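The values are calculated or read from the model by the stated rules, or taken from the named source; none is laboratory data. All figures in this text were calculated on a predicted structure; none of them were measured in a lab. Neighbour counts are summed over all protein chains in view; Cβ atoms, including those assigned to glycine, are modelled from backbone coordinates with ideal geometry. Remember, those area values only see protein heavy atoms, side chains included, never the ligands or the DNA or RNA. Shrake-Rupley method; radii C 1.70, N 1.55, O 1.52, S 1.80 Å.
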Amino acid sequence: MVKLATARRKAKRDGWDYWIRSPQDELAAMQGCWFDTDRALAAVNFVQQRLTHSKDRFRGKPFLLEEFQIRDIIAPLYGWRTKDDRRRFRNVFIFIPKKNGKTQIAAAVSLLELHYCPGPRVYIAATSKGQAGECFEEAASMVNNSRLLRKRLDVRASTNRILYPNRGGLIHALGTKAATSEGKNASALILDELHAWTDREFFDSLLFAGASRLDPLLFMITTAGKDISSLCYSEYERACRIRDGLDMSTDYLSVVYEAPKGSAWDDLSAWKIANPNYGVTLPEENILADIAAARGYPARIAAIKRYRLNIWTNESATWLDTLKWRECDLIAN
């Protein structure tokens, strides 16, 4: 406790005590880790001043980060440092429902890594070319929409690459075969929609792609799946243990957004907890329309649970609408 008190006093003196927010942060601070507010601010400014959105009503507008994106993702990832001034978080697991800016934040991280890491080799991988391509296309659009980035970077859409000639760096969207990942000297791996990954050989080969790097990053981002025997569910369980203080790993950033256990699928309070962008990229009128359209349709309810509330589902067990079952039970009694 004395060591923790000393670490907190030092953090307060240096102006970063706010960032000691978990038992793992406390342990990291006692081990000599610290929070570099200048680096965190530089990362936030890079996103907000150089990157833009490319789709829908946000197209062409600056990528102004939401509070949760700064607080839970960008600032911790780029601000926390070890005592020897390396990145503290080498593993990041972000569990977030669809329509909360998942692809955009992954693309932004890929460009941050391209700019701030020495000899950057950033690989975007997913279970399908289309999924990996979505993140790559978002990053490519961000480059093409920025006069400054266009001067520095060379987008080669035909080969799914963004080159940074002056730094010998690249972003590359990978295919799904394990062989394509062998020999990669990755500074950062962006793994999208991990819930759909079934090829453990491909996943395992990627894990060792940054073995020779001093500051590698494994950045995993996904929505809930339907297979609790999957490698994604294993990562989800680990992230929950870290969130709950049961795993004291200090190099793993756990960011979990989900509806509280036992929540009703049509409870708006559960939607607000699960979706940090509620009311921004998820207008409430659209949510109410989705809920109304799903009533009486178990398959739609299952999709809402998984994609919008981030609840792991077993679709084979969703043939019956539990709301209808409760109504029948009330009538019978």
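Dividing the Cα radius of gyration by the Kirkwood radius, what Rg/Rh value follows for the range 170-310?
Details: Rg = 17.8 Å, Rh = 17.3 Å.
Value, to two decimals: 1.03.
The phi-based Karplus calculation (6.51 cos²θ - 1.76 cosθ + 1.60; θ = phi - 60°) puts the 3J(HN,Hα) values of the range 22-29 at 8, x, 5, 5, 4, 4, 4, 5 Hz, whole numbers, x for Gly and Pro. Ordering P276, G225, A107 by the projection of their Cα atoms onto the charge dipole of the chain, which places +1 on the Cβ of Lys and Arg and -1 on the Cβ of Asp and Glu, puts A107 at the extreme positive end. Taking amide hydrogens as placed 1.01 Å from N in the peptide plane, the amide H of T52 sits under 5 Å from those of F63, each at least 5 positions away in sequence or on another chain.
Given 4 °C and 1.567 mPa s, compute D for the chain with the Stokes-Einstein relation, Rh being the Kirkwood radius over Cα pairs; round to the nearest whole µm²/s.
Diffusion coefficient, whole number: 61 µm²/s.
Once C-alpha pairs closer than 8 Å and six or more residues apart are averaged by separation and normalised to the residue number of the range 240-305, the relative contact order reads 21 percent.
Per residue, the range 124-168 exposes 53 Å² of accessible surface when a 1.4 Å probe is rolled over the protein heavy atoms with every protein chain present. Amide H contacts of M220: V92, F93, I94, L191, each under 5 Å away and 5 or more positions distant or on a separate chain (H built 1.01 Å from N in the peptide plane; Pro and chain starts excluded).
Just list whichever of K102/K184; K98/K226; K3/K83; K10/K83; K55/K272; K55/K98 have alpha carbons separated by over 19 Å in the model shown. Don't skip to the end; give the middle numbers.
Values: K102/K184 25 Å; K98/K226 15 Å; K3/K83 15 Å; K10/K83 13 Å; K55/K272 23 Å; K55/K98 15 Å.
Too far apart for the 19 Å limit: K102/K184; K55/K272.
Counting 0.36 nm for each residue step from D267 to S22 and taking away their Cα separation leaves a gain of 85.3 nm. In the calculated pair-distance distribution of the range 1-116, the portion above 24 angstrom amounts to 32 percent of the Cα-Cα pairs. Roll a 1.4 angstrom probe over the protein heavy atoms and tell me the percent of accessible area of the chain that is carbon or sulfur. C and S fraction of accessible area: 51 percent.
Taking amide hydrogens as placed 1.01 Å from N in the peptide plane, the amide H of I124 sits under 5 Å from those of H172, A173, L174, I190, each at least 5 positions away in sequence or on another chain.
Which whole-number percent is the relative contact order of the chain (Cα, under 8 Å, 6+ apart)? Before the final figure, lay out the partial values.
On the way: 573 pairs, mean separation 60.5, N = 333.
Answer for the chain is 18 percent.
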